[in-house]
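Okay, structure first, notes after.
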Amino acid sequence: MEIKILGTGCPKCKRLEALAHEAAEEAGVEATFTKVQDMDAILAYDIVSTPGLVIDEVVKSSGRLPRKEEIVEWISAA
């Protein structure tokens, strides 16, 4: 599983990355984490604001900090 954090490194982006790591561990899933900080690459995902969370190339959230429980559900369903 590949999980991408879209953002320029703001505090919310860093928090989302930490939540995603915790959620993957909770779900018992091994994942590769990638931080996407290049604005052109971020915009290629068609999001309007950061932070963004992409799981296996599907945008799951953007512009907000989802709850860890939400992320666990998304990871488990993927």
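Read-outs: derived from the displayed coordinates by stated rules, not from any lab. Since the structure is predicted, the reported quantities are computational estimates derived from the model, not experimental observations. No Cβ is skipped: glycine too gets one built from the backbone with ideal geometry, and neighbour counts run over all protein chains shown.
Go through (1) out of contact with any Gly (no Cβ under 6 Å at 6 or more places or on another chain); (2) buried (at least 18 other Cβ atoms within 10 Å of the Cβ) for GLY28 and report which single condition fails.
Answer for GLY28: the failing condition is (2).
Would you check if there is a residue in segment 2-19 being touching a Pro at 6+ places or on another chain (Cβ under 9 Å), free of Cβ contacts under 8 Å to residues at least 40 places away in the same chain and surrounded by fewer than 17 Cβ atoms within 10 Å (Cβ to Cβ)?
Within segment 2-19, one or more residues are touching a Pro at 6+ places or on another chain (Cβ under 9 Å), free of Cβ contacts under 8 Å to residues at least 40 places away in the same chain and surrounded by fewer than 17 Cβ atoms within 10 Å (Cβ to Cβ).
Within segment 40-78, track down each residue that is farther than 13 Å from CYS13 by Cα, surrounded by 15 or more Cβ atoms within 10 Å (Cβ to Cβ), among the β-branched types (Val, Ile, Thr) and free of Cβ contacts under 8 Å to residues at least 60 places away in the same chain.
ILE47, ILE55, ILE71, VAL72
Does VAL48 satisfy the criteria of being in contact with a Gly (Cβ under 7 Å, 6 or more places away or on another chain) and among the hydrophobic types (A, V, I, L, M, F, W, C)?
yes
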